[in-house]
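Report on the structure given below.
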Amino acid sequence: MLPGNMMDRPLTVPSILDFAAEIHGDARVISARVEGDVHRYSYADAHKRVSRLAHALRQLGIKDGDRVATLAWNGYRHFELYYAISGIGAVCHTINPRLFEDQILYIVSHAEDRILFLETSFLPQVEKLADRLPTDLRYVVMCAAEDLPETALDVLAFEDLLKGQLDTIIWPDLDERQASALCYTSGTTGNPKGVLYSHRSTLIHTMGLLAVGQSIGLSPERSLLPVVPLFHVNAWGLPFAAPLVGTDFILPGARLDGAGLFAFMDEEKVNTSWGVPTVWFGLLAEMRKHGRKPEGFECVLVGGSAAPKPMIEEFEKDFGVTVVQAWGMSEMSPVGSVNSFYARQRALPEDDRMELKTSQGRRAFGVDFKIVDGDGGRLPHDGVAFGELLVRGGAVMSAYYNDETATASAFDEEGWLKTGDVARIDPEGFLFLVDRTKDVIKSGGEWISSIDLESAALAHPDVAECAVIAVPHPKWVERPLLIAVLEGGANVTTEELKAFLGDRVAKWWLPDDVVFVDALPHTATGKLSKMALREQFSDYTLPGI
Ligand code: ADP
């Protein structure tokens, strides 16, 4: 090998904020605070507070490799923790507050967190768990001393930590391969599994986003609101990509319901927003009520679950908001593909264009795809063959954190990560997710895609939300059951819904029954929980069987 003669400078997370403070110093970070008001400052201001926080963390004894946990909404203090913790070589461990108590207890002790930073609104939750949390865990409440709620816990106030600290910093020499952040994925069975990101993987992932940046709202002089939480998979990489590009970062705090979100987006004239479909159902309902979109809203990025076609059409056709779908998983930092359209796709006839919008998009820079059959043999990317999707790349996990059992089954013999998703890929690289391996319905040896059935049912104007699960059948092994939530006041029968679907899907795909419920269960990340639904319907038998 002839080595290149270039400097070996590490790719590090704090270099992003250094760059943003210098080059995009006046781009803004705007946060809806749990205190009730709106906080505004710039990336240059953020850099100063991050420096002070980093000095404070060191004074608290945080050293290279230590894990520091956060339990917080999307706000400027959480953003500062991302950079201050990883900047000094420690690991920012974001905790999803919606996990079950036992899961939170498990991950805090598995991660061996030294400090827990928590938002005031999560104090009651932590007080309840305190006697089961490690005794040497320290608590910092993310507020000023005067806003500290009464508590029996021994806590520090975030703003007190910053007092008297220098607002400049020279970051330590970091190795780009050292860990920078940790996030546990809740999974569907067993304990949560930790994904430990490195500085290098974070930078590679960020570059992948920037390669399609303009199409997903990452531009200077534009604003972007992540509904995706900073407490889960790095808010899909936005806390790194937005400052690097100089995009204004608008953080909604706990204002995540349709009405709260509409009002905040409208006030701040947000151009782009990212989130899971559940959130967009809420926002769309609000947009219908107002008969308009929030002012300035141009583009919505939908990921985490399939974007149903009716949702895409409503955003695009009724409200003029461009929809971009993305796919990924915690183990991939998380973005694996983005459905950015360029001239060729934009020029397609309307129906074809809408159909292509249901694709999860093309692979992100730095991510490789393969689809395989049941024996691990590669399948062609011809848009027809489908099988399990496997990935590899510089921002893809190589092992779960301290979890040999989970790691053992996560990869194939060539070292590719198994995604648990079934997909087809067309010759131009567009990925179409058929289903998750656990959710697909196997009827008489053929596969029925729950995703496609749900999308078809959602086209009915009275269906607010729905899910399709497999139920046992003596002849066909499995058959689809549609579980639907109707719009308030609507009255639709099983037969009417089946007739509606009859025009949209193959006859043998038609659900054998439809059950109407008041609400569907969701996971800690706001996705439909098919696991909970399967449990709920474990005693269900199809009519006539
Ligand atoms: P979380 O921990 O946020 O639930 P996971 O990493 O467990 O995230 O979720 C990853 C899974 O979510 C993927 O493997 C896939 O099944 C599903 N998913 C993500 N984005 C999409 C999408 N655009 N369409 C369909 N499914 C998606």
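The values are calculated or read from the model by the stated rules, or taken from the named source; none is laboratory data. Because the structure is a prediction, the values reported are computed rather than measured. Every residue, glycine as well, gets a Cβ built from its backbone with ideal geometry; the counts of neighbours run over all protein chains shown. SASA here: full protein model, heavy atoms, side chains in, ligands and nucleic acids out. Shrake-Rupley method; radii C 1.70, N 1.55, O 1.52, S 1.80 Å.
Ignoring ligands, DNA and RNA, please state the percent of accessible area on the chain from carbon and sulfur, probe 1.4 Å. Present the calculation step by step, with values, prior to reporting the outcome.
Values: 11680 of 23150 Å².
In the chain, the share of accessible area belonging to carbon and sulfur is 50 percent.
Can you give the convex hull volume per residue for the Cα atoms of the stretch 154-298, as a whole number of Å³?
Details: hull volume 27.0 nm³, N = 145.
In the stretch 154-298, the Cα convex hull volume per residue is 186 Å³.
So for the stretch 199-275, taking the charge dipole from beta-carbon charges (+1 Lys/Arg, -1 Asp/Glu), which of Ala254, Ser201, Leu225 sits furthest toward the positive end?
Ser201
Starting from the Cα of Ala459, step 7 Å along the direction of its Cβ; do the same at Tyr106; then give the gap between the two resulting points in nm.
Reported label-point gap for Ala459 and Tyr106 is 4.0 nm.
Rank by packing, highest mean first: peptides 513-519, 24-30, with packing defined as the count of other Cβ atoms within 10 Å averaged across residues. It would help to have the intermediate numbers written out before the result.
Numbers: 513-519: 14.3, 24-30: 18.6.
Sorting 513-519, 24-30 by mean packing, highest first, produces 24-30, 513-519.
Once you have the Cα-Cα distance between Gln536 and Ala385, take 0.36 nm times their residue separation minus that, and quote the gain in nm to one decimal. Spell out each step's value before the answer.
Numbers: separation 151, 0.36 × 151 = 54.36 nm, distance 3.34 nm.
Extending this stretch completely gives an extra 51.0 nm.
Could you work out [θ]222 nm for the chain from helices alone, using -39500 (n - 2.57) per DSSP H run of at least four and dividing by all its residues? Round to the nearest 500 deg cm²/dmol. Intermediate values should be presented prior to the final figure.
Numbers: 17 runs with 155 residues, N = 545.
My calculation for the chain gives -8000 deg cm²/dmol from helical runs alone.
Ratio of the stretch 255-437's C-alpha Rg to 2.2 N^0.38 Å, to two decimals? Each step should come with its number before you reach the end.
Details: Rg = 18.1 Å, N = 183, 2.2 N^0.38 = 15.9 Å.
Its radius of gyration relative to the 2.2 N^0.38 Å reference: 1.14.
Give me the percent relative contact order of the chain, please, defined on Cα pairs under 8 angstrom at least 6 residues apart. If you can, show how the numbers build up before the last one.
Numbers: 1138 pairs, mean separation 58.3, N = 545.
Worked out over the chain, it gives 11 percent.
To the nearest Å, what is the center-to-center distance of the stretch 1-76 and the stretch 351-409, using C-alpha atoms only?
Cα centroid of the stretch 1-76 versus Cα centroid of the stretch 351-409: 32 Å apart.
Just to be sure I understand: if I project the alpha-carbon convex hull of the stretch 441-536 onto a plane and average over all orientations, what area do I get in nm²? Don't skip to the end; give the middle numbers.
Details: hull surface 25.1 nm².
Answer in nm², one decimal: 6.3.
Any idea what angle helix 258-268 forms with the longest principal axis of the chain, computed on alpha-carbon atoms, 0 to 90 degrees, nearest 10?
So the inclination is approximately 50 degrees.
Starting from the 7 Å offset along Cα-to-Cβ, what nm value, one decimal, do you get for the label separation of Lys269 and Val38?
Distance between label points: 1.1 nm.
How high is the relative contact order of the stretch 255-437? Use alpha-carbon pairs under 8 Å, at least six apart in sequence, and give a whole percent. Don't skip to the answer; put the middle values down first.
Numbers: 344 pairs, mean separation 28.2, N = 183.
Once divided by the residue count of the stretch 255-437, the mean separation gives 15 percent.
Determine the equivalent ellipsoid of the stretch 180-256 by diagonalising the alpha-carbon gyration tensor, then write out the semi-axes as square roots of 5 times the eigenvalues, largest first, rounded to whole Å. Walk me through the numbers before you get to the answer.
Numbers: eigenvalues 118, 53, 18 Å².
Square roots of five times the eigenvalues give 24, 16, 10 Å.
Against the longest principal axis of the chain, how steep is helix 43-59, in degrees 0 to 90 to the nearest 10, with axes from Cα atoms?
Rounded to the nearest ten degrees, it is 70.
Compute the accessible area per residue over the stretch 1-110, keeping the other protein chains in place, probe 1.4 Å, unit Å². Present the calculation step by step, with values, prior to reporting the outcome.
Working: 4660 Å² over 110 residues.
Each residue of the stretch 1-110 exposes 42 Å² on average to a 1.4 Å probe.
Under 29 Å between alpha carbons, and skipping anything fewer than 8 positions from Lys370 in its own chain: which lysines qualify?
Partners found: Lys193, Lys309, Lys357, Lys418, Lys438, Lys442, Lys527, Lys530.
For Trp73, what accessible surface area do you get with a 1.4 Å probe? Give it in Å², rounded to 10.
Trp73 exposes around 40 Å² with every protein chain in place.
Measuring with a 1.4 Å probe in the full set of protein chains, what accessible area per residue, in whole Å², belongs to the stretch 453-492?
Details: 1550 Å² over 40 residues.
For the stretch 453-492, the per-residue accessible area is 39 Å².
What percent does the relative contact order of the stretch 441-536 come to when contacts are Cα pairs within less than 8 Å and at least six residues apart? Don't jump to the answer; show the numbers that get you there.
Numbers: 150 pairs, mean separation 24.9, N = 96.
26 percent.
As a test of understanding, state the convex hull volume per residue of the stretch 343-473 from its alpha carbons, in Å³. It would help to have the intermediate numbers written out before the result.
Values: hull volume 21.9 nm³, N = 131.
Cα-based convex hull of the stretch 343-473, divided per residue, equals 167 Å³.
Could you work out how far helix 199-211 tilts from the main Cα principal axis of the chain, as a 0 to 90 degree angle to the nearest 10?
Roughly 50 degrees, rounded to the nearest 10.
Could you state, as a whole-number percent, how many of the C-alpha pairs of the stretch 1-67 are farther apart than 20 Å?
Details: 1163 of 2211 pairs.
Distances greater than 20 Å cover 53 percent of the Cα pairs.
In nm, what is the difference between 0.36 nm times the number of residues separating Ala519 and Asp26 and their Cα-Cα distance? Present the calculation step by step, with values, prior to reporting the outcome.
Values: separation 493, 0.36 × 493 = 177.48 nm, distance 4.41 nm.
The span from Ala519 to Asp26 would gain 173.1 nm if fully extended.
Looking at the stretch 89-226, what % of the alpha carbon pairs are farther apart than 18 Å? Please list the in-between numbers first.
Working: 6450 of 9453 pairs.
Tail of the P(r) past 18 Å holds 68 percent of the pairs.
Work out, step by step, the length gained on full extension between Arg353 and Arg132: first 0.36 nm times the residue separation, then minus their alpha carbon distance; give nm to one decimal. Mind showing how you got there, number by number?
Numbers: separation 221, 0.36 × 221 = 79.56 nm, distance 5.35 nm.
Answer, rounded to one decimal: 74.2 nm.
Please work out the C-alpha center-to-center distance from the stretch 284-306 to the stretch 488-537 and express it in whole Å.
Taking the Cα centre of each part, the stretch 284-306 and the stretch 488-537 sit 23 Å apart.
Quick check: Cα centre of the stretch 86-122 to Cα centre of the stretch 203-282, how many Å?
23 Å
Return one whole number: the accessible area per residue of the stretch 255-437 in Å², for a 1.4 Å probe.
Working: 7500 Å² over 183 residues.
Each residue of the stretch 255-437 exposes 41 Å² on average to a 1.4 Å probe.
Kindly provide the Kirkwood hydrodynamic radius of the stretch 482-545 in Å, to one decimal, from all pairs of distinct alpha carbon atoms.
By the Kirkwood definition, the hydrodynamic radius is 13.5 Å.
Using per-residue counts of other Cβ atoms within 10 Å, averaged over each peptide, order 87-95, 382-390 from highest down. If you can, show how the numbers build up before the last one.
Numbers: 87-95: 25.4, 382-390: 17.2.
Order by mean packing, descending: 87-95, 382-390.
When ranked by the protection proxy of mean other Cβ atoms within 10 Å per residue, highest first, what sequence do the peptides 324-332, 54-62 form? Walk me through the intermediate numbers first.
Details: 324-332: 23.6, 54-62: 18.2.
The most tightly packed comes first, giving 324-332, 54-62.
Take the alpha carbon atoms of the chain, find their radius of gyration, then divide it by 2.2 N^0.38 Å using N residues; give the quotient. Each step should come with its number before you reach the end.
On the way: Rg = 23.5 Å, N = 545, 2.2 N^0.38 = 24.1 Å.
So the Cα radius of gyration is 0.98 times the expected 2.2 N^0.38 Å.
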